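The values are calculated or read from the model by the stated rules, or taken from the named source; none is laboratory data. Everything numeric in this text was worked out from a predicted model, so none of it was measured. We place every Cβ from the backbone using ideal geometry, glycine too, and count neighbours over all the protein chains shown.
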């Protein structure tokens, strides 16, 4: 989507939609929920977008886009004036980062963009790496987009998720494609698809967010 030319500096907040709570994966800090979907990430993004008067991007890949649509409506209800939902089905963090940079590449701006990335602390390293890779792939000038992490702090996910994130960072730094490592954790639709294909892989590492 093209927008009018803006000079100077522009802030954009990008939220990478979080996982659903399942079994031992559950935050305990009183954030609003819709079923099993926690709003902790999007609420931090809403606060940042309101403070900065900026566009809010909500990026996700679960449940046929219904999570993204729900969170876009949630942000609009809380007064964010410009919200864009970016959804790619059956996707992952790599494509979420690419969708974010594709949006920025389509802007008609003459100044620097401060892209404020919002996700959980344990997911942030991989988000930064994949967003940097997407910027290079889009051939956007290295000084045009400045990344500013906004990490949701606090709760600790299951060990297999932390292991998967560490392996994902290693893959990204070595230029390897993102890999699935067993039944996805926190993605209800992806979990159902995976179990239909490979019902005996419950002992493997979960897919990363």
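Can you pull out every residue in region 70-89 that is within 14 Å of the chain's Cα centre (by Cα) and either on the phi > 0 side of the Ramachandran plot or surrounded by 14 or more Cβ atoms within 10 Å (Cβ to Cβ) (or both)? Across region 70-89, the qualifying residues are 71, 72, 84, 85, 86, 87, 88. The number of residues in region 111-127 being within 16 Å of residue 59 (Cβ to Cβ) and out of contact with any helix residue (DSSP H, G or I) (no Cβ under 9 Å at 6 or more places or on another chain) comes to 1.
In region 105-123, of all residues being within 21 Å of residue 44 (Cα to Cα) and out of contact with any strand residue (DSSP E or B) (no Cβ under 6 Å at 6 or more places or on another chain), the one that is surrounded by the fewest Cβ atoms within 10 Å (Cβ to Cβ) corresponds to 122. The numbered conditions (1) part of a loop (DSSP other than H, G, I, E, B); (2) at pLDDT below 65 are all true for residue 192 except (1). Scanning region 144-172 for residues that are more than 16 Å from the chain's Cα centre (by Cα), under 18 Å from residue 10 (Cβ atoms) and not in a loop (DSSP other than H, G, I, E, B) yields a count of 2. Taking region 131-166 as the region of interest, how many residues are in contact with a helix residue (DSSP H, G or I) (Cβ under 8 Å, 6 or more places away or on another chain), under 16 Å from residue 17 (Cα atoms) and surrounded by 17 or more Cβ atoms within 10 Å (Cβ to Cβ)? Residues that pass the stated criteria total 5. Going by the structure shown, is residue 18 at positive phi and modelled with pLDDT under 95? Answer is no for this residue. Considering only residues in region 55-102 that are touching a residue at least 60 places away in the same chain (Cβ under 8 Å) and in contact with a strand residue (DSSP E or B) (Cβ under 6 Å, 6 or more places away or on another chain), the one that is nearest to residue 171 (Cα to Cα) turns out to be 96.
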